[in-house]
1. Using a 10 angstrom cutoff on alpha carbons, build the Gaussian network for chain B and name the most mobile of B:Ser54, B:Ser116, B:Ser224.
2. Give the relative contact order (percent, whole number) for chain B; include only Cα pairs under 8 Å separated by 6+ residues.
3. What FRET efficiency comes out for the pair D:Asn235/B:Glu280, r = Cβ-Cβ distance, R0 = 45 Å, nearest 0.05?
4. If amide hydrogens are placed 1.01 Å from N in the peptide plane, which non-local residues have theirs closer than 5 Å to the one on B:Gly80?
5. Once the other residues with Cβ under 14 Å from the Cβ of A:Leu238 are scored (Lys, Arg +1; Asp, Glu -1), what is the net sum?
6. Considering only protein heavy atoms, what per residue accessible area in square angstrom results for segment A:1-118 with a 1.4 angstrom probe?
7. Give a quick list of GluC sites (Glu not before Pro) in segment B:1-73 that DSSP marks as loop, anything other than H, G, I, E or B, with at most 13 other Cβ atoms within 10 Å.
8. Which residue, C:Ile145, C:Ile162, C:Ile41, has the most motion in a Gaussian network model of chain C that connects Cα atoms within less than 10 Å?
Number of protein chains: 4
Amino acid sequence: MLNLKGLYPPLPTSFDDHEELNLTAIRENIEHLCKYDLSGILVLGSNGELVMLSKEEKRKVYEIARQSIPQDKLMIAGTGAQSNRETTDLTQIAADSGADAVLVLSPSYYKGQMNSEALVKFYHDIAEQSAVPVIIYNMPANSGIDMDADTILTAAEHENIIGLKDSGGNLIKMAAIINNSKPGFQVLAGSASFLLPALSIGAVGGILALANIAPGLCLDIYKSFMKGDLEMARNYQLQAVELNTAVTRRWGVPALKAAMDHLGLYGGPVRKPLLPVNDEVKKELVPIINKTLKP
Amino acid sequence: MLNLKGLYPPLPTSFDDHEELNLTAIRENIEHLCKYDLSGILVLGSNGELVMLSKEEKRKVYEIARQSIPQDKLMIAGTGAQSNRETTDLTQIAADSGADAVLVLSPSYYKGQMNSEALVKFYHDIAEQSAVPVIIYNMPANSGIDMDADTILTAAEHENIIGLKDSGGNLIKMAAIINNSKPGFQVLAGSASFLLPALSIGAVGGILALANIAPGLCLDIYKSFMKGDLEMARNYQLQAVELNTAVTRRWGVPALKAAMDHLGLYGGPVRKPLLPVNDEVKKELVPIINKTLKP
Amino acid sequence: MLNLKGLYPPLPTSFDDHEELNLTAIRENIEHLCKYDLSGILVLGSNGELVMLSKEEKRKVYEIARQSIPQDKLMIAGTGAQSNRETTDLTQIAADSGADAVLVLSPSYYKGQMNSEALVKFYHDIAEQSAVPVIIYNMPANSGIDMDADTILTAAEHENIIGLKDSGGNLIKMAAIINNSKPGFQVLAGSASFLLPALSIGAVGGILALANIAPGLCLDIYKSFMKGDLEMARNYQLQAVELNTAVTRRWGVPALKAAMDHLGLYGGPVRKPLLPVNDEVKKELVPIINKTLKP
Amino acid sequence: MLNLKGLYPPLPTSFDDHEELNLTAIRENIEHLCKYDLSGILVLGSNGELVMLSKEEKRKVYEIARQSIPQDKLMIAGTGAQSNRETTDLTQIAADSGADAVLVLSPSYYKGQMNSEALVKFYHDIAEQSAVPVIIYNMPANSGIDMDADTILTAAEHENIIGLKDSGGNLIKMAAIINNSKPGFQVLAGSASFLLPALSIGAVGGILALANIAPGLCLDIYKSFMKGDLEMARNYQLQAVELNTAVTRRWGVPALKAAMDHLGLYGGPVRKPLLPVNDEVKKELVPIINKTLKP
């Protein structure tokens, strides 16, 4: 089974001033991040504005990503869409592009019909047809659907489903899943804000927006925990919470991109209807970034 | 200003057994519905599985719809997508196909960022570029976003925004919008379940899933109300609630398609991850349909 | 069966500057309201700060109310509490004081356990032991529990349960209840904001906070509807929505009391933790009141 | 500042078959629990059916508790009510009875008015008048109010407020509070389900329903963590989750009492409207208890 241990940044998708893909910026951001001891890169997750891109644009992002990510690091590709057919298409394109695994967001538009049976069948159908391992992606804040432990555990019975990224932050559910899932099933924290609590109950790592701008701090939490220095881990974790709340929870992708710009990476514009952070937000944001990251 | 008065069925999109578009069935369903005194047809609303279709498929649906809808009835086209650019593209395709107006669902994936400012800018941007009038579509049960009265009222200030379809069923909000919107702004009930209450406070009509299978009953509510026979209107309304709850609220698009099949129209398959209603649901559904519609 | 037809103000409970009961003010407010063509008075509903009073204080309010309400108008007494024993005690005190009916809020603290079975048993137990008819009170915004139609319908099967006050504003549920309840079961709108829509589907009247400060306007809606003048009813309804939203929905009991003070009635202090409306709110509130009520 | 470190069971309140207080059972349960290395006992928390008791009954429970809890263990008394005056009264009764600290639930009935300002003023008012230290109690699942970090931090500025019991399980919020609160402010996990994650970010202990029936297991988690054996702590934590979910989250106080009966303690009846667990639930519950606790 593919080993998912460790940390991954969910890369924002870089656009130019006309909101067109900026593949050069994507490559440079990946090259920068791959200097750190991260386990790989996720492209086209929520922070990658997955719902904003056409299929052809997604293909281009998968391809530049694989070219830019060293072979000893994993490329995880977000391929979830509202229909099975679109999700399967994207999964094949990602696999053909060299993705090591795909991260599949639950479909969510028909919330009333997305009961456990429908979601399990969806994941089994995608997993059955995917050439690469599948990671379930539970993202209630965006999708409006919070899959319960039983649904995830039943979906996870398929041999091609190897893990879960949970961004909901419900540690009780996460513990229930870790406790009852098949041997080798791997849970990844979906936010730096609860990385240490998740590790404490058995998560193997995390896909963390914060790792785009503070890979060092995120790795400090992870490595302190791994070597048993809980007090150090706690100190780093508490530092991470405030920064992460500002950058990702409160102001979202626009703030993450603004933070990247502030730190000398390429953040660039977001696609509308997302709006860039305004000056007032920037004035609040910059001191929080500087306080923790002293650029 | 385009007059939206009256009732519209939000047409389900017909698929064949391979989940491919069945344009013949779409045409025949439209022709059947246009025999009734409905004011027009909505294609690619929530009941039209709008999130399941590719752009090319949407174009085909717009085109067959316009060919099938008589010129004296309105064609309203659902064109909402997660990004401004995709929504504007679809809006142009719909207008080029001959749509009289477009119904634009609010983008919803980045819920945390979809504040009033972002939503108003979104609607103004779409309206600015649209060749046909725009109707705002508030659909909290699916989108997970329930736009408030102030947001809708501010969006509605654009001269190319002529109305609102509200599926949330909050009559207080609806009344506030009717009371405070620009002259001529038209509110349409988004469900037969609250058609009469909505008419009582000034809605001009409705886009009603139930009108696909019970256009007569829906028109009975509307016409009784219009001629001031409230008791009759109430009787029809109470009949409509139970049927509508079963067909659309409880079991969604799969139940609507099953009901169409049961009534001799073309319902056909849904696209996965939606699942067809199972036999148990059918056993509950059919008596409810027969009781009200005696086919 | 007791006839509940018509409108009722849910009287605020008057306190003096030490937060002690002001029985004189209660009496005078009731006497003022009973000059209008209201069907009666509710004491100790949500607007009566029911959860703030001791049992002994509640007894005093029931007694002064009965002394002040003419015999040809109904006294409805709020008696809901978290336990069956407390609710039954209060119901007996109210009945002994001369209440014509009791309004019983659903218990709500143990939300996870308040399933349909528990709620139905609660209402049947209370109804069984009550000397006067029982009205179910569904108040999701405060209790955090929104009873569904089936629960209410099953509870309503008890012969001593004669009606429902629904403050949730879900017209679809209200219609389902009206459509399926036993003959003679009476539904009252719980807010002026949806009085006309509720009447349009068969509600028999309402218990309306707004009727404390605008009994005339509320009666205008009701009477216009009753004589079939829907357009007039709609005009009054739309006037009522803005005022009611400000006074009751947005700023709650403190605003209602401030409005009463402004209009020459006794509003007086609220009990803490409720806070009086501050000057800023008052500045927004007064023009809204004056605009509609021109005192 | 009073040291809250360690674990506390929130004692259920024992009733006899007529739902009257069973003080003997309360005493015996406390004596049993005090044989364990727990730091004290909470009486009249949510598991103590706090909302079901009269003031006089509460006084009796406080008194028997203090008589039964050894002086070297803390007695924490739940004293929250809907009004400041009732909360302050109960706080004084508890202090007079010998409570070491009080746990004060947020008032919640007027949810719309319980903004940050109202809640902070409430806690400051209670703390100002309390003769013993105050612990804030955030219990969103029951109260329907989930106080945010800023509200709790501002309330905590009062010198007589020494800690927080958080039952919401939002570890991100808990981390933000720990990171930003005054020196010495103590956070207690409100559920065994997230004890270890909470300890990992700096909680000092917990008030855990599970500690009523599995004090040993709860202490195993705590002590393993305190001596740095994280793997052992994680194993115990994962055992605790399933049992705790069944006993407290899923079936609530009735299940906790049934579990106590099953384990030879006095559980006894709940007060209505709570219903005893039925046979079907018991059949599911007993194996879960036996599996973990092998009685």
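1. So, out of B:Ser54, B:Ser116, B:Ser224, the one fluctuating most is B:Ser54.
2. 17
3. 0.60
4. Residues meeting the amide H criterion: B:Leu105.
5. Charge balance near A:Leu238 sits at 0.
6. Here the per-residue accessible area is 35 Å².
7. B:Glu20
8. Highest fluctuation of the listed residues: C:Ile145.
The values are calculated or read from the model by the stated rules, or taken from the named source; none is laboratory data. Everything numeric in this text was worked out from a predicted model, so none of it was measured. We place every Cβ from the backbone using ideal geometry, glycine too, and count neighbours over all the protein chains shown. When the accessible area is computed, the model is the full protein with side chains, heavy atoms only, and any ligands, DNA or RNA have been set aside. Shrake-Rupley method; radii C 1.70, N 1.55, O 1.52, S 1.80 Å.
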